[in-house]
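The values are calculated or read from the model by the stated rules, or taken from the named source; none is laboratory data. Being a predicted model, the structure only gives us computed values, none of them experimental. Methodologically, a virtual Cβ is constructed for each residue, glycine included, from the backbone with ideal geometry; neighbour enumeration extends over all protein chains shown. All accessible areas refer to the heavy atoms of the entire protein, side chains included, with ligands and DNA or RNA removed. Shrake-Rupley method; radii C 1.70, N 1.55, O 1.52, S 1.80 Å.
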Amino acid sequence: MPSVSDAGDEYADHLASRGMPALPPAPVRDRGLGPFARLVLRGATVIDGTGAPPWGPVDIVVEGGRIAGINAVGVPGRTIRPDRRPALGDHEIDCHGKFVTPGFVDAHAHIGWPAHAARGAQPRADYIYKLWLAHGVTTVREMGSINGLGWSLAEKERAASHEIAAPRLLVHAYFPAVNDMLKTIHTPDAARDWVREIAARGADGIKFFGGAPMLMRGAIDEANVLGLRTGCHHAQQAVGRANALTTARWGLTSAEHFYGLPETLFGGDRLLQAYPADYNYADEYMRFSEAGFGFHLASQPGSEHWNRVLDEFLELDFTFVPTFGIYDANRDLMRARRADWHDDYTWPGLWDSFQPNRGAHGAHWFRWSTADEIRWKQNYRLWMAFIDAYKNKGGRVAAGSDSGFIFQTYGFGFVRELEMLQEAGFHPLEVLRAATSQGADLLGLGEEIGVIDVGRAADLLVHDANPLGDFKLLYGTGAMRLDDADGTTTTWNRALRFTIRGGLIYDTAELLEDVRAMVAEEKVRLCQA
């Protein structure tokens, strides 16, 4: 068993021994104003994250990094009443005609992935953080701590003190009990000891990929005793022993992606997916092509079994983090490969890791076909129907990106997730709720972040345009629009102006400028190497 000093670092040590080291820590913060003793946002229209519609104008007062006041200062179309306005601040932002939302919660993310280093793909940590902040992500659930638990906890502490320009970090450790990744835990007692050890180190939760039921069930139980959150990517290698409903009954907090969900819906005529005889999970093409077939075998939307499964998940107060966006390329590879942002914002080595490669995770494009894309499009329709129905019944759905794989670039991938939640049937207000208060509740921070209210942390986004009207305006590149003044010129319009994290103000244009410079510098370095 690992000691308390290295529990949670096992997989990072394993990768490092194979020449795949953790990222260097982020450099000291070079962007951001404040935090100020008293910050005032004047004349904003507020979308508060609860699902309530926009209202305003409002003056928001921030003191000590927390919301100290929300003052209604008039009504639309009328002159603002000076008698309702709070006193001057040490710093003020003019939000007249602008919209203010809570900061976004990316409920499934990774600070890089050391395995990419084998292809020279590791981006800088500050590249990742700045892309998140530039797209409004103020809180991240790091799912796996593959750079090592110690590394992730150190970055969490530096982010909390504003030493680095980064979102708030919630750290989940990888549970080392899966044969095809790394297995160092073999008994229930060892599983419980490991959970106690990562809790003692300060971990916020556990990321599972499955595992033997006796190990996983014991770990989940111990995590719940200690107040740790748990999420599981129900890998195909383990789902035959425990699908998403099984682990939800054990007390798992959330299911990541879609794995393990189709198996709960098979409806009595099968237990396992009908893999072909020549299937091999280690073949990335087979893994991802067959993964797009699970919902086709399941009970159909609205059927008795389908509704029964929905209701049980709801009764268990379970959370789904679907990460629709990370598999988007599976249904339209060319679109994902030619996205507007790749040239200027995708780290060169990260781009290399996306390309066809039999030895690289999520680089399964060496024989991707029209038939594969059609299968995935059909899979999405059924998957989205379930998630939308769960939301409609009152179930919790949180937005997560899982960026860094499959042509999804950090930050941009989170905005794509918002678009796809809307495609699934979510009203834009419901999308925003999934990206803010629902994510906060999943993390156990529902009284701290995710909603604009007095006493909460001042994690706020200032938008030049209403994001509910078009989520494309949140992309770092903006969205292309025709300038009707001359009828020929196109512009790239963007909504997000400032990201405020704990009262510290980031100008998103500056963050994006930094990222472009990092990418350009890395391209020059590679050319000279």
Task: Under Karplus coefficients 6.51, -1.76 and 1.60, residue-wise ³J(HN,Hα) of the range 329-342 in Hz, glycine/proline x - done: 5, 5, 9, 6, 4, 5, 4, 5, 6, 10, 4, 4, 8, 4
TODO: Give the angle, between 0 and 90 degrees and rounded to the nearest 10, that separates the Cα long axis of helix 213-226 from the longest principal axis of the Cα atoms of the chain.
DONE: 30
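Sorted by packing (mean other beta-carbon atoms within 10 Å per residue), highest first, where do 134-143, 334-343, 497-506, 72-81 land?
Those peptides, ordered most packed to least, come out 134-143, 497-506, 334-343, 72-81.
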- [ ] Enumerate the amide H contacts of Gly32 below 5 Å, restricted to partners 5 or more residues apart or on another chain; note that Pro and chain-start residues carry no placed amide H.
- [x] Asp507
Task: Pairwise Cα inverse-distance average, inverted: Kirkwood Rh of the range 405-529 (Å) - done: 16.7
- [ ] Straight distance only, please: which lysines reach the Cα of Lys523 with their own Cα at less than 25 Å, same-chain residues fewer than 8 apart left out?
- [x] Lys130
- [ ] Calculate, for the chain, the solvent-accessible area per residue in square angstrom, rolling a 1.4 angstrom probe over the heavy atoms of the protein chains.
- [x] 37
Task: Angle between the chain longest axis and helix 304-315 axis [Cα atoms, degrees, rounded to 10] - done: 60
Task: Inter-centroid distance (Cα atoms) of the range 223-266 relative to the range 46-69, Å - done: 36
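Only bridges whose two residues both fall in the chain count here: according to DSSP, what percent of them are antiparallel, nearest 5?
Values: 32 of 62 bridges.
So the antiparallel bridges in the chain amount to around 50 percent.
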Open item on the list: Suppose R0 equals 56 Å. What FRET efficiency, 1/(1 + (r/R0)^6) with r the Cβ-Cβ distance, do Ala277 and Asp343 give to the nearest 0.05?
Closed with: 0.85
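Ranked highest first by the average count of other Cβ atoms within 10 Å around their residues, in what order do 170-182, 434-446, 26-38 fall? All intermediate terms of the calculation are to be shown ahead of the outcome.
Working: 170-182: 22.2, 434-446: 24.8, 26-38: 16.2.
The most tightly packed comes first, giving 434-446, 170-182, 26-38.
Leaving out ligands, DNA and RNA, and with a 1.4 Å probe, what % of the accessible surface on the chain is carbon or sulfur?
Numbers: 9700 of 19500 Å².
For the chain, the apolar C and S fraction of the accessible surface comes to 50 percent.
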- [ ] Only helical DSSP H runs with n ≥ 4 go in: add -39500 (n - 2.57) per run for the chain, normalise by residue count and round the 222 nm mean residue ellipticity to 500 deg cm²/dmol.
- [x] -10000 deg cm²/dmol
Open item on the list: Nearest 10 degrees is fine. How inclined is helix 125-134 to the longest principal axis of the chain, computing both from alpha carbons?
Closed with: 50
